[in-house]
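The values are calculated or read from the model by the stated rules, or taken from the named source; none is laboratory data. Since the model is a prediction, treat every value here as computed from it, not as a measurement. When we count neighbours, we look across all protein chains shown, and the Cβ atoms used for this are built from the backbone with ideal geometry, even at glycine. These area figures cover heavy atoms from the full protein model, side chains too; ligands, DNA and RNA do not enter into them. Shrake-Rupley method; radii C 1.70, N 1.55, O 1.52, S 1.80 Å.
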Amino acid sequence: MAPSADTSFSGHVRTQFTAYEEDRQATSKDTLYCTSNGVPMPHPYEAQRVGENGPLLLQDFHLVDLLSHFDRERIPERVVHAKGSGAHGFFECTDPMPDICLADVFATKGKKCPITVRFSTVGGESGSHDCARDPRGFSVKFRTEEGSWDMVANNTPVFFLRDPAKFPHFIHTQKRDPSTHLTHADDSTMFWDYLCNNPESVHQVMILMGDRGIPDGYRFMHGYAGHTLKLVNKDGDWVYAQMHMKSMQGTKFITQEDSASKSADYSQKDLYEAIQRGEYPKWTVEFQTMTPKQAEEVWEKQKINIFDLTHVWPQGQFPRRKVGEFTLNENAINYFAEIEQVAFNPAHMPPGIEPSADPVLQSRLFSYPDTHRHRIGVNYQQLPVNAPRGGYRFGNFQRDGQMAFFNQGARPNYLSSIDPIQFRTRSTDLDKVHGHFQGECISFLSEIRPEDFNAPRALWQKVWDEPARERFINNVAGKMEVCKEKEFLKRQIAIFREVDNDIAERLEKATGIKGYDGIANLRFNGTHNGFAKDASHRAANGVKLTQGKVISDNNGAPAKGTHKGLNN
């Protein structure tokens with residue numbers, strides 16, 4: 001490639017950034033071996049030394065450059081979702097819904113936008129097995145014309161917790177033991193210790209230990225936001241919403257026994273090779289919706305808390321509405337640049353999509369971008385895979401910092417009256433979209449109550465057939481075999497007994513461990529016990545009920561009267 005005749009700095013910059021895609025597509029034969037500052041070298045294996053057998057020379061920049069970059073070529077792996085796969089594709093709106101959402105991407109039939117999707121396991125390290133029994137991450141970056149929208153989801157509609165401060169502790173119990181350095185595949189003590197002290201996790205535990213615990217690769221699983229969002233229309237009216245991404249390939253699972261026969265990179269290989277063959281996987285994008293009034297009613301009448309990540313919305317009562325489909329039709333050319341460095345942030349929402357008061361979602365709005373700034377750098381959104389795609393040139397006053405490529409030239413880095421930046425009219429009335437919050441501070445340590453067992457009971461009694469129940473029992477019993485503390489298993493069996501006594505009896509037979517009769521006489525270190533017969537067992541360990549309001553009457557649900565001034 002001949003150098004440009006333009007010797008200005010503008011010409012240099014123009015060449016650098018138009019050459020990005022050329023470099024991405026180039027073969028090795030199109031390139032010349034050079035040091036990082038572009039100096040050609042005769043051979044990559046060269047190293048300067050004094051004489052035939054003397055020490056190396058510090059002046060050998062080639063070797064120093066080679067080794068120092070090699071020492072730094074890993075970025076910190078994700079604390080959660082470290083092992084993953086991904087691909088690029090596009091979303092297409094098939095069934096516009098402007099009546100409930102003003103987002104441009106949902107406004108017109110046939111409207112398309114590019115996407116990048118990353119699938120992952122949750123607890124394992126970057127080199128862990130793709131077929132571990134674990135939830136799967138399912139994140140989608142929609143590059144809309146109104147900015148990037150990141151949907152951070154899982155392949156399960158619920159999660160293990162509803163109190164955000166529990167999340168770091170929970171994840172620690174899914175990692176390696178700080179003393180033995182073993183995972184819970186060899187020692188599941190920490191795993192069961194957490195679960196038997198936080199019984200609101202039981203619905204997710206049943207899904208994890210059931211057939212969905214090991215999906216057959218990433219193409220054959222659904223995705224669920226889990227969290228409640230708000231969709232806002234052009235008139236400022238809004239509804240609560242749950243997003244579903246349904247695999248158009250159907251769903252498949254791998255049994256615990258079959259998982260041992262798969263390669264460690266089974267899901268990565270399956271996804272990559274399917275796309276290479278032209279078998280492009282597709283998912284529908286669908287929403288359940290309910291009005292603010294309905295949200296209050298489902299709590300008052302059915303004890304379903306739409307702000308609770310352990311609860312689900314009945315689909316017969318709140319049917320899914322399809323808005324579009326997305327297709328993955330392009331593999332990453334460079335995994336590190338396009339998958340390892342892709343960063344999803346649930347706070348990235350275009351106009352028309354808003355967060356709800358779900359406390360775990362609220363905590364993630366902070367935690368995700370904070371992680372990316374640490375892991376990749378403060379300017380991580382300037383990387384091509386993270387860069388937004390808008391129908392305008394955007395500007396702001398975020399300048400400098402490490403690896404700032406687009407520093408916005410000579411434009412003022414403040415709100416200037418000489419060279420003013422443009423503004424777009426606000427799309428939504430914030431006073432109308434957001435709730436009216438008032439009251440004292442609540443230390444939100446939630447309580448386990450009868451309604452927490454309704455959905456897992458339906459899963460056992462109505463959704464699973466007998467072979468699925470048997471596989472579940474075998475999976476749980478196998479996990480319990482590697483737990484050193486039998487007390488934890490007695491407590492966990494008691495939690496399963498509250499779901500259905502049949503589960504407890506089968507586990508007792510399979511493990512030889514007699515569980516407690518129920519949870520009424522147990523105290524939990526992670527949640528209040530609404531089943532407690534003795535008042536001393538109600539409060540979580542170490543919590544004094546006389547100091548502040550630590551038990552909420554509604555467990556944080558939108559009780560009657562929450563949405564004042566709204567007619568729907």
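Among all positions in segment 103-110, there is no residue which is charged (D, E, K, R), closer than 30 Å to Arg212 by Cα and at pLDDT 95 or above. Looking at (1) assigned to a loop (DSSP other than H, G, I, E, B); (2) modelled with pLDDT under 95; (3) surrounded by 16 or more Cβ atoms within 10 Å (Cβ to Cβ), can you tell me which one Ile333 breaks? The single condition Ile333 does not satisfy is (3).
For segment 291-307, give me each residue that is polar (S, T, N, Q) and either closer than 24 Å to Asn329 by Cβ or open to solvent by 20 Å² or more (accessible area, probe 1.4 Å) (or both). Hits for segment 291-307 are Thr291, Gln294, Gln302.
One residue stands out in segment 225-253 among those that are β-branched (Val, Ile, Thr) and open to solvent by 10 Å² or more (accessible area, probe 1.4 Å): the one that is nearest to Phe307 (Cα to Cα), namely Val239. Restricting attention to segment 321-347 and to residues that are within 13 Å of Pro114 (Cβ to Cβ) and not charged (D, E, K, R), the residue that is nearest to the chain's Cα centre (by Cα) turns out to be Val342. Helices (runs of 4 or more DSSP H) fully within segment 457-520 that include at least 3 residues being modelled with pLDDT under 95: none found. Figure legend. Inter-residue proximity from segment 360-376: first residues without any contact (Cβ under 8 Å) to a residue 40 or more places away in the chain, second residues surrounded by fewer than 19 Cβ atoms within 10 Å (Cβ to Cβ), beta-carbon distance below 6 Å, spacing 6+ or different chains. Indicated pairs: Leu365/Ala347.
Go through Thr116, Thr108 for me and flag whichever is open to solvent by less than 30 Å² (accessible area, probe 1.4 Å) and of a type in the set (Val, Ile, Thr).
Answer to the check: Thr116.
Within segment 266-290, take every residue that is open to solvent by 80 Å² or more (accessible area, probe 1.4 Å) and touching a residue at least 12 places away in the same chain (Cβ under 8 Å) and give me the one that is nearest to the chain's Cα centre (by Cα). Among those that are open to solvent by 80 Å² or more (accessible area, probe 1.4 Å) and touching a residue at least 12 places away in the same chain (Cβ under 8 Å), it is Tyr272. In the set (1) at pLDDT 90 or above; (2) assigned to a loop (DSSP other than H, G, I, E, B); (3) open to solvent by 40 Å² or more (accessible area, probe 1.4 Å), the condition left unmet by Gln547 is number (1).
Being polar (S, T, N, Q) and in contact with a Lys or Arg (Cβ under 6 Å, 6 or more places away or on another chain) is the filter; apply it to segment 169-224 and report the residue that is surrounded by the most Cβ atoms within 10 Å (Cβ to Cβ).
Ser188
Evaluation of His348 against the conditions (1) without any contact (Cβ under 8 Å) to a residue 24 or more places away in the chain; (2) within 28 Å of Gly110 (Cα to Cα) shows that the sole unmet condition is (1).
Filtering segment 430-450 for residues that are of a type in the set (Gly, Ala, Ser) and surrounded by 15 or more Cβ atoms within 10 Å (Cβ to Cβ) leaves a non-empty set. Looking for something touching a residue at least 24 places away in the same chain (Cβ under 8 Å) and within 30 Å of Asn521 (Cα to Cα) - is there at least one such residue anywhere in segment 209-223? Yes, the conditions are met somewhere in segment 209-223.
Of all residues in segment 461-516, those being more than 31 Å from the chain's Cα centre (by Cα) and either free of Cβ contacts under 8 Å to residues at least 40 places away in the same chain or surrounded by 16 or more Cβ atoms within 10 Å (Cβ to Cβ) (or both) number 18.
Among the residues of segment 76-105, not one is more than 30 Å from Arg373 (Cβ to Cβ), among the polar types (S, T, N, Q) and touching a helix residue (DSSP H, G or I) at 6+ places or on another chain (Cβ under 9 Å).
Is it true that Lys141 is under 20 Å from Glu354 (Cα atoms) and either crowded, with 23+ Cβ neighbours inside 10 Å or without any contact (Cβ under 8 Å) to a residue 40 or more places away in the chain (or both)? Yes; evaluated as a whole, the condition is true for this residue.
Restricting attention to segment 342-361, the residues that are assigned to a helix (DSSP H, G or I) and out of contact with any strand residue (DSSP E or B) (no Cβ under 7 Å at 6 or more places or on another chain) total 2. Return yes or no: is Val105 under 23 Å from Gly390 (Cβ atoms) and assigned to a strand (DSSP E or B)? No, not satisfied.
Of all residues being closer than 28 Å to Phe405 by Cβ and touching a residue at least 12 places away in the same chain (Cβ under 8 Å) in segment 40-68, which is surrounded by the most Cβ atoms within 10 Å (Cβ to Cβ)? Just the residue, please. Taking the candidates together, the pick is His62.
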